[in-house]
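Following: one structure in structure tokens, then a few remarks.
Derivation of every value follows stated rules applied to the coordinates shown; laboratory data play no part. In this text the structure is predicted, and so the values were computed from the model without any measurement. No Cβ is skipped: glycine too gets one built from the backbone with ideal geometry, and neighbour counts run over all protein chains shown.
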Amino acid sequence: MKRAFLLLPLCMMLAQLNAQPNYSSETLEKIREVENNITGSVVMNDTKPGTITERMAKYNVKGLSIAVIHDYKIAWAKGYGWADEAEKRKVTIETLFEPGSISKSLNAIGILKLAQDKKIDLYADINTYLTSWKFPYDSISKEKKITLAQLLSHNAGLSTYGFPGRTINGTIPTILEILDGKLPAVTPAVRSMFEPGLKYEYSGGGITISQLILTDVTRQKYETWMYENVLKPIGMVNSSFAQPPAKDKRHLCASGYYSDGSPVANKFRVYPFQAAAGLWTTPSDLCHYIIDMQLAYQGKQSKVLSNEMVKLHLTPYNNGPAAMGTFFDDRDGAKYFLHDASNDGFCGLYVASLDGGDGVVVFLNSGDATLLLEILNSVAKAYNWKNYYREPQHRKTDKIINLPDKVLKSYEGIYLYDQSWAGIQKKQEEYHFYSAGVYAKMYFTTPTSFFNEEFQAVKTFINDEKGIVGGYTRTVNDKQYPNAIKIANPDTLTLENGAFQEIGTYLFENRKYKEAVAYYKRALQLYPGDLNLLMNMAHSYLFSNDYKSAMAIYKAHLQDTISIGNSWENQLQNDLFYFKEHRYDVTRLEKVFTDLKIKKPNDY
């Protein structure tokens, strides 16, 4: 018996080794080419490109999985890093990821299959097929009816861009509660923002209505019908829309991590809005879908759809950026279909050619998606995708200089440019330039000029006669763009409330709580009814040790409703969980809960 136990692990190890793909020397060379040619938008002097693992370390990415398509076949697939760092569980090609909105592409295949089988009409009023709930038309829709074609292509004029994930131990809302914005849902009701068919407006809420139509029509669970009629026939046998994933599959699931490297509580979030964000899959599985669509677009038979339905899936609707389930990128006449994704602790993308049989799928268990585009560019170069690869800007400079903190501190602040903004702050003992969600290292070539790998513009700070920084110039390939202006005082600033919210959040995350308060105060002068701004200002007071001011706001609005289905108390509970998960000291906020006699979240 002892001998048998000794042999068992050896047999299992050999079986695992034998299961690894046996690639040709040509393919192995392509893998090395992709792995060793990862760069940002800018390359300094003769600096060699980085490797995938080096760039993973740079962006604090725990795990990565990739599959490459060439000539309508999966050329290779590979995993890197940790599926779960604490468990020391590595990413393999079998590791399941939660690629968020990529779910919408497969959901569209399901809806198109129903249309193909004459169960629904893509151009009929959605209420024709909704039986458990009806969409409440109002004057905003101007008596125009919403269709499934509009839902799938984000042309229905509906609200709710996306949904936050739910903790696995918490109360999960039903689809009807989500659509009506009723607790325990925390997003507003899905309703008309403008008349359907008018223009493109991304709406996860609209996709969720299509999920309800599928279950109302088929009278089956969404995950069951989608597996039997879409995933399994197309070859995605390891994938599932089950939320949460089945317990016997969780050892295969990657755990999510935020961009700062902190883990998502309880490994991952639950997404009851399965059509919008609920798929668990692997890059190789998703490649089966891509290849099936590519071949069908060339006139061959899809495993699920007719050629007519494939054309709808791969042709822009209403001359917009999206078709029924996909988006498009036209690279000087070379056409590619794609979708990207972002769930809590996960991100991913797929890009594939409409002609030529090339493509790639990349998933990360990270909140920072920067590496996705760098790998995409490397794959495009290695496989010579038509008109796709973008050569990084090669910047020649004699040397990079280090500046004292006193000088760098003078550059701190918020800067406005081109209807957007950027920030410079010290983060993790180093000053960074922040824009469009990206923290970029600053490389100084003079005491006033710097550049970043991630952005092509060279910036040069502008000082007045007293030496006070007033902004910076922006130059790309000798072309000068309008200067960025440093905000000296937010008291007279005029921005949209969303921009104020972004700036306030950025300052808060960098522990600049008093500065965040100043921006929130100005925002509330312009938008006095915005309770989200007010809540965040209270948080900023609290974390800046002004308990009295924070408590006054919390107490005064305790009975308020922030949005349909989201009370002030409910938002406080969500924020308490968020702060604890992101390693904030929540001692004072817990005291708020005690003093106001608010119940902590069930899964806290």
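If you place +1 on the Cβ of every Lys and Arg and -1 on the Cβ of every Asp and Glu, how big does the dipole about the Cα centre of the range 140-185 come out, in debye to the nearest 20?
Details: 5 positive and 3 negative charges, 23 e Å.
The dipole magnitude comes to about 120 debye.
Multiplying the sequence separation of Glu87 and Lys597 by 0.36 nm and subtracting their Cα-Cα distance, what value in nm do you get?
On the way: separation 510, 0.36 × 510 = 183.60 nm, distance 3.78 nm.
Result: 179.8 nm gained on full extension.
Among 390-399, 328-337, how do they line up by average Cβ neighbours within 10 Å per residue, starting with the highest?
Numbers: 390-399: 12.2, 328-337: 15.0.
Highest-to-lowest ranking by the protection proxy: 328-337, 390-399.
Going by C-beta contacts inside 10 Å, put Ser101, Ser259 in order with the fewest on the left. Working shown, then result.
Values: Ser101 22, Ser259 18.
Ranked by crowding around the Cβ, least crowded first: Ser259, Ser101.
Would you order His154, His582, His432 from fewest to most other beta-carbon atoms within 10 Å of each residue's own beta-carbon?
Working: His154 25, His582 13, His432 17.
By the 10 Å Cβ count, ascending, the order reads His582, His432, His154.
Give the shape of the range 405-488 as rounded, prolate or oblate, defined through the alpha-carbon gyration tensor: a ≥ b ≥ c are the square roots of its eigenvalues, a/c under 1.5 means rounded, and otherwise the shape is prolate if a/b is larger than b/c and oblate if not. Don't skip to the answer; put the middle values down first.
Numbers: a/c = 1.26, a/b = 1.03, b/c = 1.22.
Cα axes put the range 405-488 in the rounded bin.
Which of Ser306, Ser192, Ser203 comes first, and how do the rest follow, when ranked by fewest Cβ neighbours within 10 Å?
On the way: Ser306 15, Ser192 20, Ser203 23.
With the fewest neighbours first, Ser306, Ser192, Ser203 line up as Ser306, Ser192, Ser203.
Only one of the listed values, (i) 1.45; (ii) 2.47; (iii) 1.02, was derived from the coordinates as Cα Rg over 2.2 N^0.38 Å; which label is it?
Correct label is (iii).
In percent, what relative contact order does the chain have, based on Cα pairs under 8 Å that are 6 or more apart in sequence? Could you put the intermediate results ahead of the total?
On the way: 1143 pairs, mean separation 92.4, N = 604.
Reported as a whole number, the value is 15 percent.
Is it possible to state the helix-based mean residue ellipticity at 222 nm for the chain, with each DSSP H run of 4+ residues giving -39500 (n - 2.57), the sum divided by total residues, to the nearest 500 deg cm²/dmol? What is it? Before the final figure, lay out the partial values.
Numbers: 19 runs with 200 residues, N = 604.
Dividing the helical sum by the residues of the chain leaves -10000 deg cm²/dmol.
Given contacts defined as C-alpha pairs under 8 Å and at least six residues apart, what's the relative contact order of the range 447-604, whole-number percent?
On the way: 171 pairs, mean separation 16.2, N = 158.
Relative CO of the range 447-604 lands at 10 percent.
Using amide H atoms built 1.01 Å from N in the peptide plane, name the residues 5+ places from Ile562, or on other chains, whose amide H lies under 5 Å from its own.
Distant-sequence amide H within range of Ile562: Ser567, Trp568.
Report, in listed order, any pair from Lys62/Lys335; Lys73/Lys232; Lys182/Lys555; Lys232/Lys311 with a Cα-Cα distance greater than 30 Å. Display every interim value, and only then the final one.
Numbers: Lys62/Lys335 32 Å; Lys73/Lys232 18 Å; Lys182/Lys555 23 Å; Lys232/Lys311 21 Å.
Table pairs above 30 Å Cα-Cα are Lys62/Lys335.
For Thr167, list long-range residues whose amide hydrogen, built 1.01 Å from N in the peptide plane, is under 5 Å from its own amide hydrogen.
Val270
If exposed means no more than 13 neighbouring beta carbons inside 10 Å and the site is in a DSSP loop, what's the longest run of the chain without any exposed GluC sites (Glu not before Pro)? Kindly include the intermediate steps, with their values, before the conclusion.
Working: sites that count: Glu87, Glu143, Glu429, Glu465, Glu496.
Between exposed loop sites, the widest span is 144-428.
Let me spell out the model: positive unit charges on the Cβ of Lys and Arg, negative unit charges on the Cβ of Asp and Glu, origin at the Cα centre of the chain. What dipole size does that give, in debye rounded to 20? Numbers along the way, then the final one.
Working: 68 positive and 65 negative charges, 198 e Å.
Using Cβ point charges on Lys, Arg, Asp and Glu, the chain gives about 960 debye.
If you find the alpha carbon centre of the range 382-408 and of the range 175-234, how far apart are they in angstrom?
Here the two parts' Cα centres lie 43 Å apart.
Which whole-Hz ³J(HN,Hα) couplings does the range 489-506 yield from phi under the Karplus relation 6.51 cos²θ - 1.76 cosθ + 1.60, θ = phi - 60°, glycine and proline marked x?
Coupling constants for the range 489-506: 8, x, 5, 10, 6, 10, 9, 5, 4, x, 5, 4, 4, 5, 5, x, 5, 4 Hz.
Could you run the Karplus curve 6.51 cos²θ - 1.76 cosθ + 1.60 with θ = phi - 60° over the range 399-412 and give me ³J(HN,Hα) per residue in whole Hz, x for Gly and Pro?
Taking θ as phi minus 60°, the curve returns 6, 9, 10, 9, 9, x, 4, 4, 6, 4, 5, 5, 8, 4 Hz for the range 399-412.
Using 0.36 nm per residue of separation minus the Cα-Cα distance, give me the extension gain between Thr587 and Ile401 in nm, one decimal. Can you show the working numbers first?
Numbers: separation 186, 0.36 × 186 = 66.96 nm, distance 4.14 nm.
Net length gain for the segment: 62.8 nm.
Can you flag which of Lys144/Lys199; Lys48/Lys459; Lys113/Lys300; Lys580/Lys600; Lys48/Lys381; Lys48/Lys78 are past 19 Å Cα-Cα? Can you show the working numbers first?
On the way: Lys144/Lys199 14 Å; Lys48/Lys459 23 Å; Lys113/Lys300 17 Å; Lys580/Lys600 12 Å; Lys48/Lys381 16 Å; Lys48/Lys78 23 Å.
Long pairs (Cα-Cα over 19 Å): Lys48/Lys459; Lys48/Lys78.
Determine which lysines satisfy two conditions relative to Lys466: a Cα distance under 17 Å, and not lying fewer than 8 residues away in the same chain.
Hits, sequence-local ones excluded: Lys406, Lys409, Lys486.
Taking Cα pairs under 8 Å and at least six residues apart, what relative contact order does the range 46-148 come out at, in percent? Can you show the working numbers first?
Details: 91 pairs, mean separation 15.3, N = 103.
Relative CO of the range 46-148 lands at 15 percent.
Output wanted: per-residue J couplings in Hz (rounded whole) for the range 349-358, from phi through Karplus 6.51 cos²θ - 1.76 cosθ + 1.60, θ = phi - 60°, x for Gly and Pro.
7, 10, 9, 8, 7, 6, 10, x, x, 10
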